[in-house]
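See below for the structure under consideration.
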């Protein structure tokens, strides 16, 4: 089941058929992992190592979004609307 949601995320944000590394795809995958880890941390409040990983993922996503906003503003706007991210 996890693989099917990951591949559906890939297909939705790919720029071309074999695209797996564009900023759009990376942001989508990071967003899904962040949502999953956030739910984990609601249950396991004292899991500090996972919290640190979450913060690193959020920072990585933020830097990718900053890159997109500076270079490809239309793709950035489409991406934040599609993923329901604030801003």
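Just so it is clear, none of the values below were taken in a lab; they were calculated from the coordinates. Just so it is clear, the structure is predicted and the values come from calculations on it, not from any experiment. Positions of Cβ are backbone-derived with ideal geometry, glycine not excepted, and every protein chain shown enters the neighbour counts.
Residues that are in contact with a helix residue (DSSP H, G or I) (Cβ under 7 Å, 6 or more places away or on another chain) and without any contact (Cβ under 8 Å) to a residue 40 or more places away in the chain were ranked within the range 66-87; the one that is surrounded by the most Cβ atoms within 10 Å (Cβ to Cβ) is 76. Among all residues of the range 27-50, there is none that is assigned to a helix (DSSP H, G or I), touching a residue at least 60 places away in the same chain (Cβ under 8 Å) and surrounded by 10 or more Cβ atoms within 10 Å (Cβ to Cβ).
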